[in-house]
1. Does the range 661-669 contain at least one residue that is at pLDDT below 90, closer than 14 Å to L579 by Cβ and of a type outside the set (F, W, Y)?
2. How about the range 533-554: which of its residues are among the β-branched types (V, I, T) and either modelled with pLDDT of 85 or more or in a loop (DSSP other than H, G, I, E, B) (or both)?
3. Considering (1) touching an Asp or Glu at 6+ places or on another chain (Cβ under 9 Å); (2) assigned to a strand (DSSP E or B); (3) surrounded by fewer than 20 Cβ atoms within 10 Å (Cβ to Cβ), say which one I103 fails and leave the rest.
4. Looking at the range 731-750, can you tell me whether even one residue there is in the same structural domain as L721 (by TED's automatic domain parsing), within 39 Å of the chain's Cα centre (by Cα) and part of a helix (DSSP H, G or I)?
5. Would you confirm whether or not the range 115-122 contains a residue that is within 18 Å of T375 (Cα to Cα), surrounded by fewer than 20 Cβ atoms within 10 Å (Cβ to Cβ) and not small (G, A, S)?
6. Can you name every one of the strands (runs of 3 or more DSSP E) wholly within the range 342-434 that holds 1 or more residues which are modelled with pLDDT of 85 or more and of a type in the set (S, T, Y)?
7. Quick test of your reading of the structure: D233 fulfils all but one of (1) of a type in the set (D, E); (2) over 19 Å from V117 (Cβ atoms); (3) buried (at least 17 other Cβ atoms within 10 Å of the Cβ). Name the failing condition by number.
8. I'd like to verify a number: residues in the range 64-90 that are among the charged types (D, E, K, R) and in a helix (DSSP H, G or I), how many?
Amino acid sequence: MVSAQLTNATFLPFVSLAALFSAATAGASVTSDGARSLPAQAQVIDSAKFASIPSVAPPSEYNGTTVWVPPGTTRQGLKDRPFLVFDSEFLEIIGYDPKLAIIAETETDPIFHEAVVWVPATDEVFFAQNAGSPAAGTGLNKSAIVQKVSVKEALQVASGNKTGHVTVQTVTSDPPVVNPNGGTNYKGNILFAGEGMGNETASALYSVNPLPPYNATILINNFYGRQFNSLNDIGVNPRNSHIYFTDPLYGYFQAFRPPPVLPVQVYQFNPETKAITVAASGFDQANGKRTSQHRLFIYRAHHGFFGYDAARPATIYRFHVARDGSFENRITFAFADSGVPDGIHCDSKGNVYAGCGDGIHVWNPSGKLLGKIFTDGPAANFQFVGDGKMIICAETRLYLALFAAKAAPIQYTVQTASIAPTSSIPEQVCHRPVVNIVRGMSAPARLLFPGASVYARHLCRSGPPRRLWQPRRRSPVQPSRSYNTGAPGSDSDAQHPGGSSILERAVRISLAPLNGHVELQCTQCDADGGATTTTLSKADMARAYGLAARDLQAIDLPSQGFPHILVRASTILVHMFDLRLLIQAERLLLLHVDGLADTTISRVFTYDLQNKLRSGGGGGGGGAHHKTSASFELRALEAALAAVAAGLEAAYLAARADVRAALQHLDAQMAGDEETTASAHTGLRTLLDVARRLADIEQRARLARGALETLLREDRDMADLYLSDAARGARRAADDHDEAEYLLEAYFRAHDAVVSEAAALMADVHRTADTVRSVLASRRNQIMLLETKVEIAMLGMAAATLVAGWYGMNTVNFVEESLSAFVVVVTGSVFGGGVISMVLLRRLRNIRRKKI
């Protein structure tokens, strides 16, 4: 009897795996009081039995296809019971009844290979065929094939409800992806890394629509004029949606790409600006990448040459991600004993999965091997396709594995190289960015950023990290909002993907105030104008400045936000678009938030900031009531309000100039000839585009004016603006705030002026647009009237000639020989057509004369 139990609630730890192994091989139940035996397709692999074995195979017999069979087992036995339990934790992963089923296979054609991407909207899995060898009947001429299968059909095949294999459909994109290798789900589309072909077809990064007609777009195909070597794998940074991809030399080694002109590197690509930078270099062969929501992990094969080098270890390394996206502080995570790790993913508890030379290996977050899913050969790539389901590509075989583990939370803004879906409860957040890298042998490994934040949660629970895991403070930590985007799922969410997206977004936003450990880069200035750059977490910031966590809820949002000014006992919080300030009696803290499209106001504020704080010359409308003896907090507040006013006024003046130019151009077009007037549509579109900018400026000015108006209504808040007096114990009375009131009123009037002028200009734009639309509508009516008249004339002529045609073709009229018959018929047809046309035109005039 084994002392440990497998209860209905969970798997309890085992005292001895050897005892479980004995019980399992004997076919006995673990206990007789409701506990369960080992699952039918699972078996225990006791490491104590092969710690010392009589004969160890020599290195000369070890190669890339070697599959090691542990003592006491057979290869067929491993195939019959493929879930290999190395540690009791693996039982929680596989559950009570795991299954592994072949859902498709070929004899020699390795069509199940790379770029495994699950599309939840259609519940389909896309994958790329291996180039293979000529003996396998594939060759490079078939390497560009992308195929897909239905997960629903795969479940039917695996359960026995459908005989045969799952239907494998070929996907032909337009333009075709040339030699696809890596893939990831990115904002609803699929990113493919195309390795290219020959000298002419460059290696490129493609974005493919997962729905017919599978239209594709090339995002990037060069590095400043140089062709890439052969792009291999893709990942996405959740902080900024930047795309990472590796560029090894595999195409050159396989003789379908020219000699390289670039070193082996990992690149970072900004899809918005199309900017590309090198994120990491110095690799033998870089491969495989993907990112998590809260941490950055990279797994890649790193070996000396194309081919198999057993001296190169298949080691998984973990790195921190620096602020610029590069990698630092390497530590060893795990070692794959068979082949090279590829297609790495995480489940909802942070366990790490990798496709290796004999199947799927599973490690816990500390790097301990928990178990394997044996596939009797390389598991080239795989993908979670929902909770408890996994598609495994094993070259000539396609597997569906069913077990208990839940997939890691999916990311919507950044979907990456094998993202798993989520139905799990959002976990806690840990915010230290980390990178993992696999150093492998020769087979391509996966460049992966795990799509789960659970590894971060594990590190949070395990206490302070080791010294090696701490990033070097060469530069301030990049500010980010690292919170989980997973949310509980439901059947209705599955049927309505938009509802699921809204639910996950709502959960993410609700966690924002709890995310007090996020470190933000900020600049601290004192009363003498001295400035220092530092990093503070939101929790530390709240404690240091006497604020509540809710006050800082939106302080690091990468958006313009809702302008407001909060007055607390010892701090003034100013949130005016991209300008975020914490002001105290003798210091201020300026927060730098990444991801903002427009930082004009914060840049205006920091320009010559030291002199502003020393002399109090905030500028703008507040100078009329300014006192040289104004306290530091009012000088800082005036500098902030002046920056806001200057930024809005400058934006308004630029928009006004564009609007006036557009109005003049449109007036010239309307006053021109017919051909010039025909192009008024283009001028009108230009005017409306500029008008949208003007409307945005007016809205921002209204919001800024509203923030000041709210403060002006509260005498107590205005009196509390004098933080220096309160710090000396002389808090002002509620009606003693003249200087602060003058200051706020001045900038209130400045914003009100921008609102009024922008509104007046918008009225001119709308009047002009209405006039142009009326003119264009009149022209359209004239054209329609002309068209109607032509149609009436044609109708009259057709009606008259129809009678003549009937009479001449179908009756014996005895006038065929008459010389005057033709003239009479033509004259009668013209006369009849004219009469019909005149009658219809008169009716048309009557219709036009009618008034509503």
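The values are calculated or read from the model by the stated rules, or taken from the named source; none is laboratory data. Predicted model, so just to flag it, every value in this text is computed and none were measured. Cβ: placed from backbone, ideal geometry, glycine included. Neighbour counts: every protein chain shown.
1. Taking the range 661-669 as the starting set, the residues that turn out to be at pLDDT below 90 are 661-669.
Of the ones still in play, those that are also closer than 14 Å to L579 by Cβ are none.
The answer is no; no qualifying residue exists.
2. Here is the first cut: in the range 533-554, the residues among the β-branched types (V, I, T) are 533-535.
Once the filter is applied, which keeps residues that are among the β-branched types (V, I, T) and either modelled with pLDDT of 85 or more or in a loop (DSSP other than H, G, I, E, B) (or both), the range 533-554 yields T534, T535.
3. Evaluating I103 over (1) touching an Asp or Glu at 6+ places or on another chain (Cβ under 9 Å); (2) assigned to a strand (DSSP E or B); (3) surrounded by fewer than 20 Cβ atoms within 10 Å (Cβ to Cβ) leaves (3) as the failure.
4. Taking the range 731-750 as the starting set, the residues that turn out to be in the same structural domain as L721 (by TED's automatic domain parsing) are 731-750.
Filter once more, keeping what is within 39 Å of the chain's Cα centre (by Cα): none.
The answer is no, given that none of the residues of the range 731-750 is in the same structural domain as L721 (by TED's automatic domain parsing), within 39 Å of the chain's Cα centre (by Cα) and part of a helix (DSSP H, G or I).
5. We begin by selecting, within the range 115-122, every residue within 18 Å of T375 (Cα to Cα); these are 116.
Checking which are surrounded by fewer than 20 Cβ atoms within 10 Å (Cβ to Cβ) leaves us with none.
No, that holds for no residue.
6. Working: elements: 342-346, 352-356, 359-363, 369-374, 381-384, 389-394, 397-402.
Once the strands (runs of 3 or more DSSP E) in the range 342-434 are filtered for at least 1 residues that are modelled with pLDDT of 85 or more and of a type in the set (S, T, Y), what remains is 352-356, 397-402.
7. (2)
8. As a first pass, look at the range 64-90 and keep what is among the charged types (D, E, K, R): 75, 79-81, 87, 89.
Filter again for in a helix (DSSP H, G or I), leaving 75, 79-80, 89.
Adding up the residues that qualify gives 4.
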